[in-house]
Amino acid sequence: MNKLLVANWKMNNVVLDCVRFMEEFVPKFTAKREAWVAPQALHFNLVRHMGEQKDIKAGVQNVSHELFGAFTGETSPKSLRAMGGHFAIIGHSERRQFFGETSKTCSLKIRTCIREGIVPVYCVGETLAERESKQTMSIVGDQLLQGLNDVGSINPENLVIAYEPVWAIGTGKTASPAQAQEVHAFIRTVLKEKFPGIGAKIRILYGGSVKPDNVEELLSQKDIDGGLVGGASLKAKDFLALCGDK
Ligand code: PGA
């Protein structure tokens, strides 16, 4: 399985920052690993255009579960696909925390995306309190089963899971490779049960303070197929290092 690094720029980077990043990143990127970038939706098409010569896929950080209609402020997966969009991050913990998203609402988005040919990068993960009270597996298991409820037929290419322990996002605290692998192995088991014959090949990314100095150890774990990266994806030099291009 080719390793995949997904840049989540969150609400950072004005247009000039996006251009500068791509001007530095694209010529040095050698596709040892796959690189996908999710800028603010406003900048999606610019990033898509600048990355296409190296097959750097562009996507968004959130998407509607509806395809068109009276939904002010939303982005349609159909419109995203028509513009050459490849993927949508769904259920990031910041969206769960600040915008009321639940695994149930995520499941509607995941279903619509898969139908429309957009790859959902579905985020799951426990808070610190949940980890300390030993609920990690039950929380992650519920998020998975609810979010992936009724997704219909899938292939390993049209679904990506991201395990992001909430306590490790933007905090500088990374789950140790062993802690991450333990949860990834659990996620793998759930996926294999839910999608026999396919679950073994679905990519499971780790997210939460992934940096150039911890990426190799994380990616060397058996069930870690890549990373979903916030802070360290904002500088081209760091994201190149994560992609194996030092
Ligand atoms: P971080 O963010 O790499 O800055 O911890 C990861 C994420 O939120 O996807």
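We did not get these values from a lab; they are worked out from the coordinates using the rules stated. Only a predicted model underlies this, so the values are computations on that prediction, with no experimental measurement involved. All Cβ positions, even for glycine, are placed from backbone atoms using ideal geometry, and neighbour counts span all protein chains on display.
Before moving on, here are some points about what is shown:
- Put the Cα centre of the stretch 185-246 next to the Cα centre of the stretch 37-54 and the gap is 21 Å.
- Measuring against 25 Å, Cα to Cα, the residue pairs Lys57/Lys104; Lys3/Lys28; Lys104/Lys235 contain Lys57/Lys104; Lys104/Lys235 as the ones spanning a longer distance.
- Full extension of the chain segment joining Ala82 with His49 gains 10.5 nm, where the gain is 0.36 nm per residue of separation less the Cα-Cα distance.
- Two numbers describe the Cα atoms of the chain: Rg and Dmax, which are 16.7, 48 Å.
- Separation in nanometres of the label points that stand 7 Å from Cα toward Cβ, at Lys246 and Ala129: 4.3 nm
- Cα gyration tensor shape of the stretch 125-226, rounded if a/c is under 1.5, else prolate or oblate by comparing a/b with b/c: oblate
- Peptide packing: for 56-63, 129-136, 155-162, the average count of neighbouring Cβ atoms within 10 Å per residue gives the ranking 56-63, 155-162, 129-136, highest mean first.
- Per-peptide packing, taken as the mean over residues of other Cβ atoms within 10 Å, places 230-242, 193-205 in the sequence 230-242, 193-205 from highest down.
- In the chain, a dipole from Cβ-located charges (positive for Lys and Arg, negative for Asp and Glu) runs towards its positive end, and of Phe195, Gly59, Asn2 it is Asn2 whose Cα lies farthest in that direction.
- Simple Cβ-charge dipole of the stretch 128-246, Lys/Arg +1 and Asp/Glu -1, about Cα centre, in debye nearest 20: 120 debye
- Around the Cα centre of the chain, unit charges on the Cβ atoms of Lys, Arg, Asp and Glu (plus for the first two, minus for the last two) sum to a dipole of about 300 debye.
- Hydrophobic long helices, here whole DSSP H runs in the chain with Kyte-Doolittle means of at least 0.0 and Cα atoms spread over 15 Å or more along the helix axis, are found at 15-28, 136-147.
- Most positive-pole-ward Cα, Gly172, Asn13, Trp36, against dipole of the chain from beta carbon charges: Trp36
- Those aspartates and glutamates that a straight Cα-Cα span of less than 14 Å connects to Lys54, excepting residues fewer than 8 apart in one chain: Glu23, Glu24, Glu34, Asp245
- Hits among lysines - C-alpha to C-alpha of Lys134 under 22 Å, sequence gap 8 or more where chains match: Lys173
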